[in-house]
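Below is one structure; the comments refer to it alone.
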Amino acid sequence: MSVSLARAHGAPCPTAVLDGRDFPESGPELLRALTDLRTDLCGQGAGDVLKNAIVRPSRHPLFDLDYRFVQSLPQSNDSFDLRGSCGHSILAAVEAAARTGMIQPLVPGCRVRVNVLNNGDNVVCETEETSDGGTRFTAHFLCSPPLELPELLMTGEPVTHVPFEGRTVPVSLVSMGNPYAFVDASDLGVSGPEALFADDPRLFTAMTRLRVAVCESQGWDTFGAFPKIAALLPQEGGGLFVRAVSVPSWHPTVALTGAICLGAAAGIAGSLPWSLAGRAAQDPDALLPVRTPGGCVRVAARSALGPDGVRRLAWVSVAEKQVEYRGLLPRRRTALQRLGSAPRPSVATTSDHASEETPWVPLTA
């Protein structure tokens, strides 16, 4: 059983990339194997690795890789969240798959198409530059067919008022790449970007409590990592300052899926990202500058206004994402390793969220 480590710059931790051809695909066997891996990682001093990517050559003729993300939770070695995805881990998985021979070597200009089994996302990872130690990518999240922007609103409204500690707080609940709760940081007492980016435990606690309040107000399970939460402030001249919560602490930058979700949300009239980014006076497809504690990213989104007056999203992209390959992980002889000698599963199972046979239309849609 091969396990590689790779880390996208800006991610809170490396990703353990697992060869899905020799790995259980669902059910108790999957959780036991992940628990075994987590125990092994902790025993080797790699307990900070909380992201798992299970990949294999795609069974779909229009994809290169099938990818499943599993978030390890810090509560215990057998605690996981199988919902949602991770853009940084998608890039790490592509890097590891190419380095281990699962797919073709990466060269500038090549594109690897990834079928995200967790949620049905179609992601194209375009190689910008390669080196001995890693690769720089542009990640394109495609909507095929294009999605009506209001469909991304999880409650059907651009702003939802959430009861929170004796008052109500407006949030925008948007799902693109991953589900997110976006809040105006000033509603949490933040006065400016310096305060937003300070290591303030009171702000962290307020954001984690607000995430729970969002889930409770909608009848969602509060366990796990999703929806994620991010606090926003406007940049002068357009753009956003962003502070996001990861597992189990502050995100050093912002999740790739968070940047993708922001890029989509900034095109939805009336949403908090739209109003704070100043999109009312801008081209809705203008680059969105996003500044985080760890640096800046620019998000490109392409949408079009249909004859029915509804704006539809075709794709969202983030460029200049560097991934470092760290090599194969030494493994002890554990139950997980012994799975490598077992027959490969012949029947694929899927999560409750998406089918492996994700519909696909041409990339030009």
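Annotations
- Subset tally (residues that are farther than 16 Å from LEU152 by Cα and either without any contact (Cβ under 8 Å) to a residue 40 or more places away in the chain or among the small types (Gly, Ala, Ser) (or both)) for segment 287-304: 6
- Restricting GLY133, GLY120, GLY109, GLY156 to residues that are at positive phi, surrounded by fewer than 24 Cβ atoms within 10 Å (Cβ to Cβ) and at pLDDT below 95 narrows the list to GLY120.
- Enumeration of residues in segment 283-301 that are open to solvent by 50 Å² or more (accessible area, probe 1.4 Å), more than 13 Å from LEU232 (Cα to Cα) and not in a loop (DSSP other than H, G, I, E, B): CYS296, ARG298
- Pairs, first hydroxyl-bearing (Ser, Thr, Tyr) in segment 197-214, second open to solvent by less than 40 Å² (accessible area, probe 1.4 Å), C-beta under 9 Å, six or more apart: THR208/ILE229; THR208/VAL245
- Residue within segment 211-228 that is in contact with a Leu (Cβ under 8 Å, 6 or more places away or on another chain), β-branched (Val, Ile, Thr) and not in a helix (DSSP H, G or I) present: no
- Flag for VAL247 being assigned to a loop (DSSP other than H, G, I, E, B) and under 15 Å from PHE182 (Cβ atoms): no
- Filtered by the rule that a residue be in a loop (DSSP other than H, G, I, E, B), open to solvent by less than 50 Å² (accessible area, probe 1.4 Å) and touching a Phe, Trp or Tyr at 6+ places or on another chain (Cβ under 8 Å), segment 176-210 gives a lone residue, GLY177.
- Filter result for LEU173 (under 25 Å from SER85 (Cβ atoms), surrounded by 21 or more Cβ atoms within 10 Å (Cβ to Cβ) and at pLDDT 95 or above): yes
- Among (1) open to solvent by 60 Å² or more (accessible area, probe 1.4 Å); (2) touching a residue at least 12 places away in the same chain (Cβ under 8 Å) - the single one PRO273 does not satisfy: (1)
The values are calculated or read from the model by the stated rules, or taken from the named source; none is laboratory data. Please read these numbers as outputs of a predicted model, since none were measured by experiment. Glycine gets a Cβ as well: all are built from the backbone with ideal geometry, and neighbour counts include every protein chain shown. The area values use the complete protein model at the heavy-atom level, side chains included, leaving out ligands, DNA and RNA. Shrake-Rupley method; radii C 1.70, N 1.55, O 1.52, S 1.80 Å.
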